[in-house]
Amino acid sequence: MSTAGFNSQNGTGTGQAYANGPSQNPVGLQQLPGVSYGMTHQPTYNPMQAKAPAPPGPGLYPTAAYQSGPPVSSYQSGPAHTSYPPPPGQPLLTRPAMGTPPSHTPPQSASPNHGPRMPLPRATPPPPAVSSSSYYSNPQQQPIAPSWQYNTAPAPMGPPPSLSAPPCGPLANHTNPSSSSTVPPPPTLTAYSSPQPAYGSHSATQPPGPRMPSTSHLGYTQPGAAPPPLNPMLSHTYQPSRPAYGPPPTGPPPLGPPPAGPSPAMTSTPPSTAPPLANVTPPPPKADGTLAGNGPQSPNNFNSIDNKMAGLPQPGLPGRHLGHYPSLPPGYQNAAAPHKPTSPMHPTMQAATQPYSQTTQPYQQPHGGPGPAQLSPSLAALSLQSSSPEALRVVNLLQERNLLPPGPIPAPTPCLPQDLQKINCNPEVFRCTLTSIPQTQSLLNKAKMPLGLLLHPFKDLSQLPVVTSSTIVRCRSCRTYINPFVSFLDQRRWKCNLCYRVNDVPEEFMYNPVSRSYGEPHKRPEVQNATIEFIAPSEYMLRPPQPAVYLFLLDVSHNAVETGYLTVFCQSLLDNINALPGDSRTKVGFITFDSTIHFYNLQEGLSQPQMLIVSDIEDIFLPTPDSLLVNLNECKELVQDLLRSLPSLFEKTMETQSALGSALQAAFKLLSPTGGRMSVFQTQLPNLGVGALQSREDPNQRASAKDIQHLSPATDFYKKLALDCSGQQVAVDLFLLSSQYCDLASLGCISRYSAGSVYYYPSYHHQHNPAQVERFQKELKRYLTRKIGFEAVMRIRCTKGLSIHTFHGNFFVRSTDLLSLPNVNPDAGFAVQMSIEENLDDMQVVSFQAALLYTSSKGERRIRVHTLCLPVVNSLSDVFAGADVQAMAGLLACMAVDRSVTASLSDARDALTNAAIDSLSSYRQSVLTIQQPGLLAPACLRFFPLYVLALLKQKAYRTGTSTRLDERVFAMCQLKYQPLAYAMLMIHPALYRVDDLTDEGALNINERTIPQPRVLQLSVEKLSREGAFLMDTGMVLYLWIGRNCHPNFLTQVLGVPSYATVPENLYLLPELDTAESQRIRAFIGWLRDQRPFFPTLHVIRDESQLKASFMQNMIEDRTESALSYYEFLLHLQQQISK
């Protein structure tokens, strides 16, 4: 189902049906008699149905991995939907599933396999869709075949479930029932819910506690009510300090010179010589005679992302005039991608952050010229095969062993017309696994590659156009924001690039205050930048913007005091207290806990903080609710006094118990009225009161080749509390500092479903592990001072015919396509899976738009919009030529986390292996014209087997190697949460030789010279006893010193005379005044600067305990329990040739 079809009036938990189709009509809020909601589309590719190869080696492919399983249950036509909130008697929590179907079906998307796998038995009737009521496996659950159905939401089979999916395409909401007499009777009316969750694929159940506001509060048009006007002007009373808006000039542009330094974006371009296009005409009539997209105007709501509601009068932003772009430098328009990093990037990240094009001439569309939705026929015939011969160059992987280039692997460039390519969204923000979208689902199934998007929506950008305007121009039908890929039919009309509705250009949009010109709407910054931010007017507010509120929840048990973290935390907050994001309304509060809960009265006027102890943890209450969260500016001295005294306050405690659950409940009560951020510091397993946990880890099973147990939560307490927090705009960030098992699988839910973050510091101790202390200090400083957005929601829209069906990341799915993000931070990444629900026959390009609505720490409501445009192709070779192998690896890593939790780790491993087998098999069978011996791949997929093997050896999925359960779960959390640039280092580390660094090819940044050594293959054969090698695994840097390393390097860099005198636990390089020392420290510092977390450095020798960890990252080498890269390629070849 196309998100463009129904995202204007989706409910937010009120039990109403969604309006489907681009024509928004109040009647669409009710189910009409005789309208069927069943869907039909191409059955999806099932890439990894059970098959039975012989495992080539121990451990990697368990003997049961490829055995045929029992019949897989028939797939339903949509997710197992529950009402929102759940009906009486239905549990709040359901077992997370991978993708959308219920837990008894293969958990990605679901429709029958038509690939080369074994056919499904058809003898038994399809069982009804069920979802289990807990995280645990359903006792009646059928075994799941180790397969993924990448690319579609479930297809219908058997009787349609109730309202399983809205109709796709331009089905009118006001269909005449009499014209649908042949349609079966409608199913029961239920509200939609999201796919079942797993590590971020969240259920849309209503959190217990206060319900969402009724629809009448959200500005929805109820049946029979007249819709309010589109984009109403702000009232003057709403922002009294803001100058009154005047109408834009109506005459010719003002005389006189243009603004100083006009950018190329403001100069006109000659009209296009392309022929006029045929599809400028209005959309064809629908089945009932109505015109697509011409229904009644819907209110200016973003649903919850629009949050249209009459806001209370708030002081405005002084001095902001109509059309003023407050943070735009004069030449902002001449950047092809506004996200170009300020400094050169790490080689393995640099590719992910390269703009699609380095040219700076922005796309400009003359009046009536062709937009991307109406491109000339020449583009349809444009073959990627002819324009990208390198991508389809045949590579025999068994012969070409040295695949890694010396520098970064660039993101593939979409094959678009030059003017569109210049301004496409930067891949560091928005990236698709396929840069050429297949025309049909059957073509996508044939390619057997996953289709999805990877986003980094709130990334810190060096250049971001910000627009203040009382009118935010959006499509009246699908609510898409105007963007560079729309078509202007003339000065007064534009066509949406998602639903193709023709919209009027508002009068205000005709004036461009930057160029002081009138009548050139295509030169506005909204149409010149694929990433842009709006200052939102009042209709985008549910309530006055919340203040920045920070609550710190600190474990002060004996175990916590022993680690020494409290001293580091208090000192860090003291150092950065003036840098906390916020304004004059910022509030802070503190709660400490052991077996009791301690509150701190910081009310203005007290001579010192008051500690209030609540020992009744079973029925927690707030002793003085009004004085526990205080204004930081007014009470800063009391806060500083508390931070100075806290470490000594508990230094002699002998209390060993931890009542974390009760402390979280207290913190939730404290933050509920305002929303905000809760920062939890925990050092042990909670063992008292609600949420108490018991150790589930058996150290003897850490290296077991069998399936790993206890990857799912032991209790639903933390997830339920997270949903409560999400409903009250509270996010929870968890800092776990422990040397013992803490059950991160259970505790992590508090952050996962509230859009928080998890930080894990294993074996943290202030004396015994100084490297972790340094990492904690650096990451805590970034955490306290980085940009933050409050009460955010995000919606991803795509062109009609495409559908989004599974989300990955930390959030809660409030409605089918709306992500609730109580907090959003610049370090969070997201991924979504997509399917093709309607053939894209008439389209040359499709577009995707992510819109993030948030409240800044200064109290401004803002909307950040990213738009990505990709070509549509109709040949399989073109689909392969556009494959983005790094994005595919990132999406598969997210999918494998879900499979590990909902099925088993071995299933996830088999599915990863089969992903490589299937894509290369499809290429060999359907694209190669001349069959040759060997394992053949197109050049664009040459790294795919390497990345799949790297995932199999990654800490999250490896077997046969001792891995602590918490560390495995944390690795899974990271793969789901980290943006792609950082996740790729965790999947495939970078190896450099650093004992012979030179200035040749070096970067010069801020008068520093940064050497650029080449990237080496991850194999021991690349190591030399005479050298020194640096391995970057994302979270950890290893500097391995060869036994015969040149004495000059030892003395000039490490400050030691010989190899034998290299200290055992060296984690800091001495600052020596030598060229060699300066080079390597500059290189390591540059690597660290490229990421938001702080990787620790370990200098290791052959005798070091950490040498095993270093060697485990040698992905291309064989271990006792895993294949070498060459053996893995032979295994793939064996499976493909079957």
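The values are calculated or read from the model by the stated rules, or taken from the named source; none is laboratory data. Please read these numbers as outputs of a predicted model, since none were measured by experiment. Using ideal geometry, Cβ is built from the backbone for each residue, glycine included, and neighbour counts are taken over all protein chains shown. To get the accessible areas, we keep the full protein, side chains included, count just its heavy atoms, and leave off ligands, DNA and RNA. Shrake-Rupley method; radii C 1.70, N 1.55, O 1.52, S 1.80 Å.
Values for this structure:
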quantity	calculated
Given 459/781; 778/858; 787/953; 422/523; 459/858; 422/459, the pairs whose alpha carbons are separated by over 27 Å	787/953
Simple label model, 7 Å out from Cα along Cβ direction - residue 640 to residue 1068, nm	2.7
Residue 491 versus residue 695: modelled label distance in nm, points set 7 Å from Cα along the beta carbon direction	7.8
The stretch 610-662, accessible area per residue, ligands and nucleic acids excluded (1.4 Å, Å²)	53
For q = 0.15, 0.17, 0.18 Å⁻¹, Debye-computed log10 I/I(0) when each Cα of the stretch 760-915 counts as one equal scatterer	-1.07, -1.21, -1.25
Listed peptides 636-648, 801-813, 662-674 by packing density, highest first (mean Cβ within 10 Å)	801-813, 662-674, 636-648
Distance between the stretch 949-1003 and the stretch 504-553 - C-alpha centres, whole angstrom	39
Gain in span if fully extended, residue 929 to residue 1111, counting 0.36 nm per residue against the direct Cα distance	61.4 nm
The stretch 539-675 - percent of accessible surface contributed by carbon and sulfur, probe 1.4 Å	47
Prolate/oblate/rounded label for the stretch 830-965 (Cα gyration tensor, a/c 1.5)	oblate
Contour minus Cα-Cα distance for residue 1003 and residue 418 (0.36 nm per residue)	207.6 nm
Prolate/oblate/rounded call for the stretch 715-848, Cα gyration tensor, a/c under 1.5 rounded	prolate
Å² of accessible area per residue within the stretch 1037-1138, as computed with a 1.4 Å probe and no ligands counted	43
Solvent-accessible area per residue for the stretch 697-788 (1.4 angstrom probe, square angstrom)	32
Net charge over other residues, Cβ less than 12 angstrom from the Cβ of residue 1082 (K, R count +1; D, E count -1)	-1
Entries of 976/1022; 448/720; 719/955 with Cα pairs more than 28 Å apart	976/1022; 448/720
Between the stretch 820-861 and the stretch 886-936, the alpha-carbon center distance in angstrom	26
Computed label-point distance, nm, for sites residue 1021 and residue 1048 using a 7 Å Cα→Cβ extension	2.9
Positive minus negative residues near residue 652 (Lys, Arg vs Asp, Glu; Cβ under 15 Å)	-4
Rounded if a/c under 1.5, otherwise prolate or oblate - the stretch 635-770, Cα gyration tensor axes	oblate
Taking the stretch 625-742 and dividing mean pair separation by its residue count, relative contact order in percent (alpha carbons under 8 Å, at least six apart)	34
Hits among lysines - C-alpha to C-alpha of residue 800 under 16 Å, sequence gap 8 or more where chains match	286, 495
Sequence of 587, 495 from largest to smallest accessible area, 1.4 Å probe	587, 495
